[in-house]
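K.L.:
Below you will find the structure I want to go over with you.
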Amino acid sequence: MIPSCLPTDDLFVVKVQVSDNPAKPKVTVILDGDNGIGIDECALVSRRLANRIEAAFGEEVSYVLEVTSPGADQPLTSNRQYKRHIGRKLKLVLKDGSEKIGTLDEVTPEGITITEETKEKSKKVTLAPAQVNFTDIAKTNIVISFK
């Protein structure tokens, strides 16, 4: 139902959540786009989804619908999101508990290549680019800089 409500092919679903409240469930749809997503696109998808829900379940159905973009603090979860952020600094938390911070250089079907930065004696040291498999990544966030 959701993909057919998207106005363009460059938009994609990141996550759908439905609350446990049986009286009035909250449906949250998180969308992203290859070039980002704006509020107008979220509003359009929200209207289309609301119309589909009403057609399928009737006007009496009680729910809350939220269509939004992922926040800047939300982890990356799809290959398309990674591709959109090539050139940006990422913080990876690996499944073994270690962390890597570096610039995203490349995205492949198997993983990503980052140029890691570390600190040694108060200096930033740039390491050789390293391949990290998606299967080894527990969480990836964009490092937000206010410089």
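K.L.:
Step by step: first the residues of the stretch 63-74, then only those that are surrounded by 10 or more Cβ atoms within 10 Å (Cβ to Cβ) and without any contact (Cβ under 8 Å) to a residue 40 or more places away in the chain, then the one that is nearest to Lys24 (Cα to Cα). Which residue is that? Talk me through it step by step, then tell me what you get.
P.N.:
Step one: list which residues in the stretch 63-74 are surrounded by 10 or more Cβ atoms within 10 Å (Cβ to Cβ), which gives 63-70, 74.
Pick out the ones that are also without any contact (Cβ under 8 Å) to a residue 40 or more places away in the chain and you get 63, 65, 67, 69.
On the way: Tyr63: 5, Leu65: 10, Val67: 16, Ser69: 22 Å.
Per the stated criteria, the residue is Tyr63.
K.L.:
Please state which one of Asn141, Asn79 is in contact with a Leu (Cβ under 8 Å, 6 or more places away or on another chain), polar (S, T, N, Q) and touching a residue at least 24 places away in the same chain (Cβ under 8 Å). It would help to see each step written out before you state the result.
P.N.:
Details: Asn79 fails: in contact with a Leu (Cβ under 8 Å, 6 or more places away or on another chain).
Selected residue: Asn141, the only one of Asn141, Asn79 that is in contact with a Leu (Cβ under 8 Å, 6 or more places away or on another chain), polar (S, T, N, Q) and touching a residue at least 24 places away in the same chain (Cβ under 8 Å).
K.L.:
Looking at the stretch 1-12, I want the residues that are surrounded by fewer than 16 Cβ atoms within 10 Å (Cβ to Cβ) and have a partner that is modelled with pLDDT of 80 or more and assigned to a helix (DSSP H, G or I) with Cβ atoms under 6 Å, at least 6 apart or on another chain. Which pairs are those?
P.N.:
As it stands, the answer is Met1/Arg52; Pro7/Leu44, since those pairs meet every condition given.
K.L.:
Oh, and also: Of Thr103, Thr68, Thr108, Thr77, which residue is of a type in the set (S, T, N, Q) and over 21 Å from Leu11 (Cα atoms)? Step through it out loud before you land on a result.
P.N.:
Working: Thr68 fails: over 21 Å from Leu11 (Cα atoms); Thr108 fails: over 21 Å from Leu11 (Cα atoms); Thr77 fails: over 21 Å from Leu11 (Cα atoms).
Exactly one of Thr103, Thr68, Thr108, Thr77 is of a type in the set (S, T, N, Q) and over 21 Å from Leu11 (Cα atoms), namely Thr103.
K.L.:
Say we look at the stretch 127-147 and pick out the residues that are outside any strand (DSSP E or B) and of a type in the set (D, E, K, R); which of these is surrounded by the fewest Cβ atoms within 10 Å (Cβ to Cβ)?
P.N.:
Of all residues in the stretch 127-147, those outside any strand (DSSP E or B) come to 127-129, 134-136, 143-147.
Now restrict to residues that are of a type in the set (D, E, K, R): 136, 147.
Values: Asp136: 13, Lys147: 2.
Among those that are outside any strand (DSSP E or B) and of a type in the set (D, E, K, R), it is Lys147.
K.L.:
On to the next question. Going residue by residue through the stretch 110-126, is there one that turns out to be at pLDDT below 95, over 20 Å from Ile37 (Cβ atoms), outside any strand (DSSP E or B) and not acidic (Asp, Glu)?
P.N.:
There is at least one residue in the stretch 110-126 that is at pLDDT below 95, over 20 Å from Ile37 (Cβ atoms), outside any strand (DSSP E or B) and not acidic (Asp, Glu).
K.L.:
Suppose we filter Val16, Val61 for residues that are outside the structural domain of Pro129 (by TED's automatic domain parsing) and assigned to a strand (DSSP E or B); which single one remains? Talk me through it step by step, then tell me what you get.
P.N.:
Values: Val61 fails: assigned to a strand (DSSP E or B).
Every option except Val16 fails the conditions.
K.L.:
For the stretch 14-57, how many residues are surrounded by 12 or more Cβ atoms within 10 Å (Cβ to Cβ), under 19 Å from Ala72 (Cβ atoms) and either of a type in the set (Gly, Ala, Ser) or without any contact (Cβ under 8 Å) to a residue 12 or more places away in the chain (or both)?
P.N.:
Looking only at that region, the number is 1.
K.L.:
While we're on this one: Looking at the structure I just gave you, is Ser62 in contact with a strand residue (DSSP E or B) (Cβ under 6 Å, 6 or more places away or on another chain) and of a type in the set (S, T, N, Q)?
P.N.:
no
K.L.:
Okay, next question. How about the stretch 77-105: which of its residues are surrounded by 14 or more Cβ atoms within 10 Å (Cβ to Cβ) and part of a strand (DSSP E or B)?
P.N.:
Lys89, Leu90, Lys91, Leu92, Val93, Leu94, Lys100, Ile101, Gly102, Thr103, Leu104, Asp105
K.L.:
Could you please give the count of residues in the stretch 32-66 that are among the hydrophobic types (A, V, I, L, M, F, W, C), over 20 Å from Pro22 (Cβ atoms) and touching a Ser or Thr at 6+ places or on another chain (Cβ under 9 Å)?
P.N.:
3
The values are calculated or read from the model by the stated rules, or taken from the named source; none is laboratory data. Predicted model only: the values in this text are computed from it and were never measured. Cβ sites come from the backbone with ideal geometry, for glycine too, and all protein chains shown count toward neighbours.
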